[in-house]
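Enquirer: To start, I am sharing the structure in question, which I have written as structure tokens.
The values are calculated or read from the model by the stated rules, or taken from the named source; none is laboratory data. Just so we're clear, the structure is a prediction, and the values are computed from it rather than from any experiment. Glycine also receives a Cβ, built like all others from the backbone with ideal geometry; neighbour counts cover every protein chain displayed.
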Amino acid sequence: MATFSISRCSSPLYFLIVFLITLIPKPISTFSFEAFHNNNNNNPNFDSEISLFGDAKVVNGDSSIKLTDPSTSSSGLVMYRKPFKFLQRNRRNPTSFSTDFSFSISPGNVDGLAFVIVPNDFSTRFSGKSSFGLSRENRFLGVEFDTAMDDDVGDLNGNHVGIDVGSLVSARVSNVSSLNLVLNSGVKLRSWIDYDAGSKRLEVRLNELGSARPSDPLLTHSIDLSEMWKEEEVFVGISSSSGDSLQASSVYSWQFRAREVPNWLHSQPVDPRVYQSKEQDEHLSDRKRGICPLTILAGLIFATGCGALAAFVVLFFWAIFDSRHWMIPAEYPALPVDFRYEKINVVLENSADVK
């Protein structure tokens, strides 16, 4: 009787599982707040993970954070307390991150709000007196959701998203009106911001709250954050200021995840020179994507399965038709036949002679 040894196949299976686990991106820093609560009964991690500065406070039954009051010269900042680094000596790969948050901005033509990455000492220097609560002395990366047109910084219009790198003059900007959205309409919106360290690419998406994440980004920018920040600790936050307007900004949910991903798993080439050439044509670069190895593998598996199915169908019908024996009546050609006719002489004798 044949026996099957489980131990023989368990070792390869074990190593396969371990190998697949090593491919999972390693989270460095992560948090998620579907609603904000500042008491220990509802969310015991709030006080330990979130800091509020300026006029920022939890309102509406502990479900949202209002960054600015409907008054002039109001400013506020919500910051995640746990810092992270884009480069670390004990890690081979730089850090990527993804964040999404829902927000609303009331009518008014001022700055709106911004997602910011700031250095370690920023919290002690938050003045809130300038645009988005950021000053020119601070080093920062900001994604601004701007509702004012400021000619001094070259704003596109009063309804745009921009990427700011250490300056309020945006390095890259896009018109939100192209999405049929208005930032300061008071409608709840949701933004997705993703940075891929392998491709050194920052992408920004925007849609109404409750709608699907757009497949195409509203805004892209090539930037090496590991070169910008190196091994310095940085914080992430959402900041706003009302200036001389009564505009109010609120945040309803916020998720953030920093992770280390091996370069070969990135869907974009690592060489930044590729993106320097792509920056010349942003419209094309938004639609060009690298091919993921997993996508190639899935395509090969699908093609193999389709080929096997097609071969099975062909063999099945071939077996059916081959098993039938068709009975076809034989047709014989009509050949000419020769008949021999011999002459027969019949002699009749007279009866008289017989007698």
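Enquirer: Would you please list the contacts, defined by Cβ atoms under 7 Å and residues six or more apart or on different chains, that run from a residue in the stretch 127-155 that is closer than 11 Å to residue 116 by Cβ and at pLDDT below 70 to a residue that is exposed (fewer than 14 other Cβ atoms within 10 Å of the Cβ) and not aliphatic (A, V, I, L, M)?
Expert: Short answer, once both residue conditions are applied: 138/125.
Enquirer: Continuing with this model, one more query. Checking residue 195 against (1) in contact with an Asp or Glu (Cβ under 7 Å, 6 or more places away or on another chain); (2) in contact (Cβ under 8 Å) with a residue 40 or more places away in the chain, which single condition isn't satisfied?
Expert: (1)
Enquirer: Here is a follow-up. Go through the stretch 248-279 and give me each residue that's in a loop (DSSP other than H, G, I, E, B) and either surrounded by fewer than 16 Cβ atoms within 10 Å (Cβ to Cβ) or modelled with pLDDT of 90 or more (or both).
Expert: Residues satisfying the conditions are 248, 262, 267, 269, 270, 271, 279.
Enquirer: A follow-up question, please. Hey, can you tell me all the residues within the stretch 216-242 that are part of a loop (DSSP other than H, G, I, E, B) and out of contact with any strand residue (DSSP E or B) (no Cβ under 9 Å at 6 or more places or on another chain)?
Expert: Selection gives 224, 230, 231.
Enquirer: Tell me which residues, restricted to the stretch 179-203, are polar (S, T, N, Q) and in a helix (DSSP H, G or I).
Expert: 184, 185 - these are the residues of the stretch 179-203 that are polar (S, T, N, Q) and in a helix (DSSP H, G or I).
Enquirer: Please determine whether any residue of the stretch 112-123 is touching a residue at least 24 places away in the same chain (Cβ under 8 Å), surrounded by fewer than 21 Cβ atoms within 10 Å (Cβ to Cβ) and polar (S, T, N, Q).
Expert: Yes, the stretch 112-123 has at least one match.
Enquirer: Here are some residues: 191, 174, 199. Which one is polar (S, T, N, Q), buried (at least 17 other Cβ atoms within 10 Å of the Cβ), modelled with pLDDT of 90 or more and under 21 Å from residue 227 (Cβ atoms)?
Expert: 199
Enquirer: Going by the conditions given, is residue 101 part of a strand (DSSP E or B), crowded, with 20+ Cβ neighbours inside 10 Å and touching a strand residue (DSSP E or B) at 6+ places or on another chain (Cβ under 6 Å)?
Expert: For residue 101, the condition - part of a strand (DSSP E or B), crowded, with 20+ Cβ neighbours inside 10 Å and touching a strand residue (DSSP E or B) at 6+ places or on another chain (Cβ under 6 Å) - is met.
Enquirer: So, in the stretch 150-165, of the ones that are part of a strand (DSSP E or B) and of a type in the set (Val, Ile, Thr), which residue ends up farthest from residue 220 (Cα to Cα)?
Expert: 165
Enquirer: Answer yes or no as to whether residue 234 is modelled with pLDDT under 95, among the β-branched types (Val, Ile, Thr) and at negative phi.
Expert: For residue 234, the condition - modelled with pLDDT under 95, among the β-branched types (Val, Ile, Thr) and at negative phi - is met.
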